[in-house]
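Enquirer: Questions regarding the structure given below will be posed in turn.
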Amino acid sequence: MTGGGSSVPEVRALLRVLATGRDVAELGSAFGEGAAAMAETARSVVTVEVDPKRAAVARRRLEGMPTVELLEGDWRDALRGRGPFGLVFADGGVYDWDAILELAEPGGLIVKDDLTPGRAIDGDPVREFLLRDPHVTATELAVTPTMNVIVAAKR
Ligand SMILES: C[S@@+](CC[C@H](N)C(=O)[O-])C[C@H]1O[C@@H](n2cnc3c(N)ncnc32)[C@H](O)[C@@H]1O
């Protein structure tokens, strides 16, 4: 599955803070804007994009950044056996929460953006997992009037 644009500046500002000093995995690079923001503060960033055309754009944006690794393919294959990561930015269209949790170290953070404010938890698989699963502690924050994010920590 491909689609979705770049993360908004408010989310990139949050990611810069949360990535500080951490090894980061980004699921869905799109055009590399989120990875470039996190690379400003992270110890390392591995970012994965399934769409070859998007990956090519991201590669150009990220070339010359020594702490960034761009992988092309489905993150579920590309990141198998990698990690654990201190921050996982789950932005890749496929939300296999068990696999995402597996990528995070204990105490590691998982970030999900693009949430519509005001929606119920019930019936929303993203919120049901991140806000209720006993393996994570999480909070939902407004980053713009029309977008919330969830920041979760793996217990
Ligand atoms: C919302 S965009 C990512 C934006 C980017 N994280 C940023 O901060 O600018 C989602 C991207 O995930 C990619 N994607 C979807 N499914 C994927 C998968 N299984 N593995 C890797 N990338 C995937 C899409 O092609 C799309 O470019």
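Enquirer: Out of all the residues in region 99-108, which are more than 15 Å from the ligand (Cβ to nearest atom) and either of a type outside the set (Asp, Glu) or under 11 Å from the mean Cα position of the chain (by Cα) (or both)?
Expert: 101, 104, 106, 107, 108
Enquirer: Kindly indicate which of 86, 64, 118, 92 is in contact with a Leu (Cβ under 9 Å, 6 or more places away or on another chain) and closer than 24 Å to residue 5 by Cα.
Expert: Criteria check complete, one pass: 92.
Enquirer: Further question: In region 102-147, what residues are polar (S, T, N, Q) and in a loop (DSSP other than H, G, I, E, B)? Quick ask: steps written out before the conclusion?
Expert: First, the residues of region 102-147 that are polar (S, T, N, Q): 116, 137, 139, 144, 146.
Answer for region 102-147, where residues must be polar (S, T, N, Q) and in a loop (DSSP other than H, G, I, E, B): 116, 146.
Enquirer: Determine the pairs where a residue that is touching a residue at least 60 places away in the same chain (Cβ under 8 Å) and within 12 Å of the ligand (Cβ to nearest atom), located within region 1-21, has a partner that is assigned to a helix (DSSP H, G or I) and among the hydrophobic types (A, V, I, L, M, F, W, C) with Cβ atoms under 7 Å apart, the partner being 6 or more residues away or on another chain.
Expert: 15/37; 15/38; 19/38
Enquirer: Within region 80-98, does at least one residue satisfy the condition of being exposed (fewer than 15 other Cβ atoms within 10 Å of the Cβ), over 15 Å from the mean Cα position of the chain (by Cα) and part of a strand (DSSP E or B)?
Expert: No.
Enquirer: Separate question: Name the residues in region 50-79 that are in contact with a strand residue (DSSP E or B) (Cβ under 8 Å, 6 or more places away or on another chain), charged (D, E, K, R) and assigned to a loop (DSSP other than H, G, I, E, B), would you?
Expert: Of everything in region 50-79, just one residue is in contact with a strand residue (DSSP E or B) (Cβ under 8 Å, 6 or more places away or on another chain), charged (D, E, K, R) and assigned to a loop (DSSP other than H, G, I, E, B), namely 74.
Enquirer: Is region 53-64 home to any residue that is more than 12 Å from the chain's Cα centre (by Cα), surrounded by 15 or more Cβ atoms within 10 Å (Cβ to Cβ) and near the ligand (Cβ under 8 Å from one of its atoms)?
Expert: Yes: region 53-64 contains one or more residues that are more than 12 Å from the chain's Cα centre (by Cα), surrounded by 15 or more Cβ atoms within 10 Å (Cβ to Cβ) and near the ligand (Cβ under 8 Å from one of its atoms).
Enquirer: What is the number of the single condition among (1) surrounded by fewer than 16 Cβ atoms within 10 Å (Cβ to Cβ); (2) over 15 Å from residue 18 (Cα atoms); (3) in contact with a Lys or Arg (Cβ under 8 Å, 6 or more places away or on another chain); (4) not charged (D, E, K, R) that residue 101 does not meet?
Expert: Only one criterion is unmet by residue 101, namely (1).
We did not get these values from a lab; they are worked out from the coordinates using the rules stated. Quick caveat: nothing in here was measured; it's all calculated off a predicted structure. Here Cβ is always computed from backbone atoms with ideal geometry, including for glycine, and neighbour counts include all displayed protein chains.
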